[in-house]
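The values are calculated or read from the model by the stated rules, or taken from the named source; none is laboratory data. No experiment lies behind these values; they were computed from the predicted model shown. A quick note on method: Cβ atoms are made from the backbone with ideal geometry, for glycine too, and the neighbour counts reach across all protein chains shown. These accessible areas exclude ligands, DNA and RNA; they are computed on the full protein's heavy atoms, side chains included. Shrake-Rupley method; radii C 1.70, N 1.55, O 1.52, S 1.80 Å.
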Amino acid sequence: MKTTTIDELDVEALNLSGGPTVSRMFLPETSEKATLISGTEAEIADRLIEIFKELGVL
Amino acid sequence: MNQDIFVIIEHLRGQVADISFVMLAAARGLAQWSGGKVIAVLLGHNADGLSGNLNCDQVLYLDHPLLADFTSDAYQKVLFGLIGEKQPRAVLFGHTTIGADVASILSARLDLPMISSGRTFASDGKFTCQICGGKIMAEGELPGSTVLVTMVPGGYKPEQGQSAQNPQVLSLPAPILEDLKVVLKQYIEPEVADIDISREPLLISVGRGIQTQDNISIAEELAEALGGVVSASRPVIDQGWLPTSRLVGKSGKAVKPKVYLAVGISGAPEHVEAITGSETIIAINTDINAPIFNLAKYGTTADLFDLVPVLTQKIRDAK
Ligand SMILES: Cc1cc2nc3c(=O)[nH]c(=O)nc-3n(C[C@H](O)[C@H](O)[C@H](O)COP(=O)(O)OP(=O)(O)OC[C@H]3O[C@@H](n4cnc5c(N)ncnc54)[C@H](O)[C@@H]3O)c2cc1C
């Protein structure tokens, strides 16, 4: 048997003063840094292989 | 309250962590707005040599044998006194195991506001921070009092927080550290199992996007063709699809490969903190808004199941 009681508080009862204020929420700006590779799978794969070669891992 | 920005320097086994340099870079912009100085706070024992390349106006150095290694208890005691006395405009901590631990307790004990997962500060002092593991950003105003901020990587490059000039170091007496509840007795290096991913130059890292254990073979085949090693984010390890030794992140290993190929990994802060030392990060993720793209140098939104087998085959053909 459940015996726990749940107390309800008004938000006003909590002191929220002194904290940061949020003025805006947004999705992260895409690709601040990443250079996006697009095309067909084969084209993307070719570009990735070029990059691997440029970086000396292939 | 003064207008200085304190940066709590994180270091482990004689090395300053990259997040410390990221924070120093962030602090520089914030100090320009507040009109104060950038002060690096270094806690340690015989560790003043670590201050060498910190890009700051001054280092406050507190030395004590019990500060040789991090314990939450000792750090709290020292920083409680220091922040309470100096009342800087802001105190930056890493959003790391260490920083999140100490900052949250100090926020409660000093009754100071705290911003979690801070990323950047604008020239008007506005902050941005990550919420929901980086899937949403929030922008806001710093509160008027001293504020504690835990900072995630990605907003600044570690090099921006480094300097060739030695900063001025001011040694402060550490408080008496007695009655500590936790004392570090021994540092135990994690066992290196099959492979030490922290030393591998090429990591093909798989995340939840890989969906099933059977699909791990897609990454293994690519790794084999490229001559790399497969590592993973936590959900993959938690499922038991790869051994714990392959875990990249806060609960696993920090890695610094030449190339880190993140396949179906979103880029949560606990993962990202361990890959910032990579020379080049490449991300394959169908979600253009995934935070990993903020860190990656190259990226594609192709479906990993379509792209990776084609890539593997082309690499094999080219050999
Ligand atoms: C105290 C603590 C410690 C933690 N320690 C770690 C740690 O050490 N390491 C760690 O990694 N995490 C750690 N975490 C967990 C962390 O918060 C994230 O939950 C985790 O990193 C998410 O892993 P993921 O990116 O693989 O999964 P998700 O966040 O679910 O991302 C999966 C990604 O795959 C993409 N995707 C899906 N399907 C495809 C497809 N077909 N092709 C291409 N892309 C696709 C999706 O777009 C998504 O971005 C920790 C959390 C806590 C609280």
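Below are the figures for this structure:
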item	result
Inter-label distance, nm, simple model (7 Å from Cα along the C-beta direction), B:Asp111/A:Thr21	2.2 nm
Shape call, chain B: gyration tensor on alpha carbons, a/c limit 1.5	prolate
Bridge type composition, chain B - antiparallel percent by DSSP, nearest 5	20 percent
10 Å-binned pair-distance histogram of the protein assembly as shown (Cα, whole percent)	5, 22, 28, 23, 15, 6, 1
Accessible area buried between chains A and B, both sides summed, probe 1.4 Å, in Å² to nearest 100	3400 Å²
Cα Rg over Rh - segment B:256-319, Kirkwood	1.00
Backbone HN-Hα couplings from phi across segment B:282-291 [Karplus 6.51/-1.76/1.60, Hz, Gly and Pro as x]	10, 10, 10, 7, 6, 9, 4, 8, 5, x
Hz values of 3J(HN,Hα) by residue in segment B:70-87 - Karplus curve (6.51, -1.76, 1.60), Gly and Pro given as x	5, 9, 4, 4, 5, 4, 4, 4, 5, 6, 4, x, 5, 5, x, 7, 7, 6
Cα→Cβ-extended label distance, 7 Å offset, between B:Lys135 and B:Leu180, nm	4.0 nm
Probe 1.4 Å - accessible area at A:Glu43, Å² to nearest ten	100 Å²
Total formal charge among the other residues, if their Cβ is under 14 angstrom from that of B:Pro175, Lys/Arg +1 and Asp/Glu -1	-3
Fraction of the pair-distance distribution of segment B:5-173 above 20 Å, Cα-Cα pairs, percent	45 percent
Surface accessible to a 1.4 Å probe, B:Trp33 within the full protein complex, Å²	90 Å²
DSSP beta bridges in segment B:5-173 [antiparallel fraction, %, rounded to 5]	30 percent
Accessible surface, 1.4 Å probe, highest first, among residues B:Thr244, B:Thr150	B:Thr244, B:Thr150
Fraction of accessible area attributable to carbon and sulfur, segment B:197-318 (%, probe 1.4 Å)	43 percent
Heavy-atom accessible area ranking, 1.4 Å probe, most first, across B:Cys132, B:Cys56	B:Cys132, B:Cys56
In Å², nearest 10: area of B:His11 left accessible to a 1.4 Å probe	30 Å²
B:Tyr75, B:Tyr156, ranked by accessible area, largest first (probe 1.4 Å)	B:Tyr156, B:Tyr75
Too-long pairs where the Cα-Cα distance tops 31 Å, listed order kept, from A:Lys2/B:Lys181; B:Lys77/B:Lys256; A:Lys33/B:Lys37; B:Lys37/B:Lys77; B:Lys86/B:Lys297; B:Lys135/B:Lys185	A:Lys2/B:Lys181; B:Lys77/B:Lys256; B:Lys86/B:Lys297; B:Lys135/B:Lys185
